[in-house]
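The values are calculated or read from the model by the stated rules, or taken from the named source; none is laboratory data. Since this is a predicted model, take the numbers as computed values, not measurements. Here the Cβ positions follow ideal geometry from the backbone for every residue, glycine too, while neighbour counts run over all protein chains shown. Note: accessible area is taken over every heavy atom of the protein model, side chains too, but ligands, DNA and RNA are not part of it. Shrake-Rupley method; radii C 1.70, N 1.55, O 1.52, S 1.80 Å.
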Amino acid sequence: MKQTEKPLKWVGSSHKDLLALPAGVRSVFGYALDLAQRGGQHTAAKPLKGFGGAGVLEVIEDDSGGTYRAIYTVRFAEAVFVLHCFQKKSKHGIATPQKDMDIIRSRLKVAGAYAEELRHEKTEPCTDDSWH
């Protein structure tokens, strides 16, 4: 049975933030998201610690400008939700900064609510401007 491609949904400013990243980084993140939509997983994608399993993933990419991260979730059957794209500024360890973890947690809740809406209102298009 052929796996159907999940739609990609951008939460908050994640799409704008991705577009602001260097081209090579965008390319890697775009490929990882494409694989996720088709049910696969990029070799660089790893579960993000603190979210209870493999439903929230991060892809980390380095370039001459620094280290960048894209966080997305495949937890919901309705779509792949991009939660956050950012440059890691902290020089202390590899942990995701608390400010970014708070953004991810908040956006994951928004994604869950939207996935629930999609489950219950499949015939009604979403009119919320924050969804693309």
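Annotations for the structure displayed:
- Sorting Asp17, Asp63 on solvent-accessible area from highest to lowest, probe radius 1.4 Å, gives Asp63, Asp17.
- Summing +1 for each Lys or Arg and -1 for each Asp or Glu among the other residues whose beta-carbon sits under 12 angstrom from that of Leu57 gives +3.
- Most mobile listed residue (Leu118, Leu108, Leu83) in the chain, GNM with C-alpha springs under 10 Å: Leu118
- Under 5 Å, built H, 5+ apart or other chain: amide partners of Lys9: Val80, Phe81, Val82
- Per residue, the chain exposes an accessible area of 58 Å² to a 1.4 Å probe, with every protein chain left in place.
- Against the chain, whose longest principal axis is taken from its Cα atoms, helix 98-120 shows a tilt of about 20°.
- Residue-level accessible surface for Arg75, protein heavy atoms, 1.4 Å, Å²: 110
- Computed over the chain, the ratio Rg/Rh where both radii use C-alpha atoms and Rh is Kirkwood: 0.96
- To put it simply, the accessible area of the chain at a 1.4 Å probe is 54 percent carbon and sulfur.
- Of Lys6/Lys88; Lys16/Lys99; Lys49/Lys99; Lys6/Lys109; Lys16/Lys89; Lys16/Lys88, pairs whose Cα-Cα distance is over 21 Å: Lys6/Lys88
- Angle between the chain longest axis and helix 23-37 axis [Cα atoms, degrees, rounded to 10]: 40
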